[in-house]
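Trainee: One structure, as structure tokens, below. Some questions next.
Please treat every number below as a calculation from the coordinates, not as lab data. Fair warning: this is a prediction, and the values are worked out from it, not measured in the lab.
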Amino acid sequence: MLGSQTYTESELLTVLRMPTAQPGADASLILARQLIAAKLNIPNGSDPTTIGTTVADADRLLAQFGGKLPYGVRPSSVLGQSMVGDGHVLASYNRGRRTPMCVRSFHQGRVRDR
């Protein structure tokens, strides 16, 4: 679930492949990309207590729309700024920067988050 919509695995992969790196990218996609990652990280051992409020807010922001992503939200709009802000918080969480129990380990020359 993202917002109030249920997505299949294929639909989520399509959302993840949509471009978000260019200036003016759809704020709903910026948020969705990080929300998908956070929702996958939580059941895989990441501490949800540090991010639960942001996940709920992100879902609330996306639930304002009917239908499925993308929603065409300008990052410069008030709603877009909220989406991008939550996206940044979720990105930090997804990188292990907001999880006090996250431990980095070396595995075959690569750094891996646990």
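Trainee: List the residues whose amide H sits under 5 Å from the amide H of residue 2, counting only those 5 or more places along or on another chain, with H placed 1.01 Å from N in the peptide plane.
Mentor: Answer set, sorted by chain and number: 7.
Trainee: Rg and Dmax of the range 1-60 over Cα atoms: what are they, in angstrom?
Mentor: Spelled out, the Cα radius of gyration and Dmax of the range 1-60 are 11.9, 34 Å.
Trainee: I would also like to ask the following. How high is the relative contact order of the chain? Use alpha-carbon pairs under 8 Å, at least six apart in sequence, and give a whole percent. Please list the in-between numbers first.
Mentor: Details: 133 pairs, mean separation 37.4, N = 114.
Relative CO of the chain lands at 33 percent.
Trainee: In the chain, how does Rg compare with the Kirkwood Rh, expressed as the Rg/Rh ratio over alpha carbon atoms? Let's see the in-between values first.
Mentor: Details: Rg = 14.5 Å, Rh = 14.6 Å.
My calculation of the ratio gives 0.99.
Trainee: Suppose the chain between residue 47 and residue 16 were pulled fully straight at 0.36 nm per residue; how much longer would it get relative to their current alpha carbon spacing?
Mentor: Numbers: separation 31, 0.36 × 31 = 11.16 nm, distance 2.28 nm.
Full extension of this stretch gives 8.9 nm more.
Trainee: With just the Cα atoms defining each centre, how far is the range 73-88 from the range 32-64? Give it in Å.
Mentor: Taking the Cα centre of the range 32-64 as reference, the centre of the range 73-88 is 16 Å away.
Trainee: Considering all projection directions equally, how large on average is the shadow of the alpha-carbon convex hull of the range 54-99, in square nanometres?
Mentor: Numbers: hull surface 13.7 nm².
For the Cα atoms of the range 54-99, the hull's average projected area reads 3.4 nm².
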